[in-house]
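Participant: Input: one structure, supplied below.
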Amino acid sequence: MSDLFSGTTVAASALTGVSLFGLMSSSDYGVIFGAFAGAVFYVATAAELSLWRRALYFLVSFIVGIYGAGLIGAKLASLTHYNDKPLDALGAVLLSALAIKILTFVFEQDLAAWLRRWTGGDRDHK
């Protein structure tokens, strides 16, 4: 039995959608593509997560990558002293991948234990 969508078809249609979004919104294509690449970085390999959770991780990471690309690009430029071209696309890739790692870390933790620790209720487990 063959699959309805192959991985290549899904990747090609997603890349086409990202390209059209970048063209229609007249935003920086490098930032849009960088945020997409950073968001796909983890979502494509996380088979143990449900489809809905992977979709939400992707969406949050993509949006964070787009909106934070300018800040991270400027910080990278100041750290590396590279001023020829803006580093916003690289910032979008890094921030999107980092956003997914942070989301994964937060959702794997026991939030009740963290709250007890921060409010001072769990003094014996430092």
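Participant: Could you please let me know if Gly73 is farther than 11 Å from Ala35 by Cα and touching a Pro at 6+ places or on another chain (Cβ under 7 Å)? Walk me through it before giving the result.
Facilitator: On the way: farther than 11 Å from Ala35 by Cα: yes; touching a Pro at 6+ places or on another chain (Cβ under 7 Å): yes.
Yes.
Participant: Output yes when any residue across segment 95-104 is among the charged types (D, E, K, R), surrounded by 10 or more Cβ atoms within 10 Å (Cβ to Cβ), within 11 Å of the chain's Cα centre (by Cα) and closer than 30 Å to Leu15 by Cβ, and no when none is.
Facilitator: Yes, segment 95-104 contains a residue that is among the charged types (D, E, K, R), surrounded by 10 or more Cβ atoms within 10 Å (Cβ to Cβ), within 11 Å of the chain's Cα centre (by Cα) and closer than 30 Å to Leu15 by Cβ.
Participant: Take Thr80 and tell me if it is of a type in the set (S, T, N, Q), surrounded by 14 or more Cβ atoms within 10 Å (Cβ to Cβ) and more than 9 Å from the chain's Cα centre (by Cα).
Facilitator: Working: of a type in the set (S, T, N, Q): yes; surrounded by 14 or more Cβ atoms within 10 Å (Cβ to Cβ): no; more than 9 Å from the chain's Cα centre (by Cα): yes.
For Thr80, the condition - of a type in the set (S, T, N, Q), surrounded by 14 or more Cβ atoms within 10 Å (Cβ to Cβ) and more than 9 Å from the chain's Cα centre (by Cα) - is not met.
Participant: Next up: Kindly indicate the residue of segment 15-53 that is surrounded by 12 or more Cβ atoms within 10 Å (Cβ to Cβ) and more than 20 Å from Tyr67 (Cα to Cα) and also modelled with the lowest pLDDT among those meeting that condition. Step through it out loud before you land on a result.
Facilitator: Narrowing segment 15-53 to residues surrounded by 12 or more Cβ atoms within 10 Å (Cβ to Cβ): 15, 18-19, 21-22, 27-44, 46, 49, 53.
Now restrict to residues that are more than 20 Å from Tyr67 (Cα to Cα): 44, 46, 49, 53.
Numbers: Ala44: 79, Ala46: 76, Leu49: 79, Arg53: 85.
Of everything passing the filter in segment 15-53, Ala46 is modelled with the lowest pLDDT.
Participant: Further question on the same structure: Within segment 112-124, identify whether any single residue is within 26 Å of Ala14 (Cα to Cα) and either of a type outside the set (A, V, I, L, M) or surrounded by 12 or more Cβ atoms within 10 Å (Cβ to Cβ) (or both), and answer yes or no. Before you say what the answer is, go through the steps one by one.
Facilitator: Start the filter on segment 112-124 by keeping residues that are within 26 Å of Ala14 (Cα to Cα), which leaves none.
No, because not a single residue in segment 112-124 is within 26 Å of Ala14 (Cα to Cα) and either of a type outside the set (A, V, I, L, M) or surrounded by 12 or more Cβ atoms within 10 Å (Cβ to Cβ) (or both).
The values are calculated or read from the model by the stated rules, or taken from the named source; none is laboratory data. The shown structure was predicted, so the numbers you read here are calculated from the model rather than taken from an experiment. FYI the Cβ positions are ideal-geometry reconstructions off the backbone, even for glycines, and counts take in every protein chain you see.
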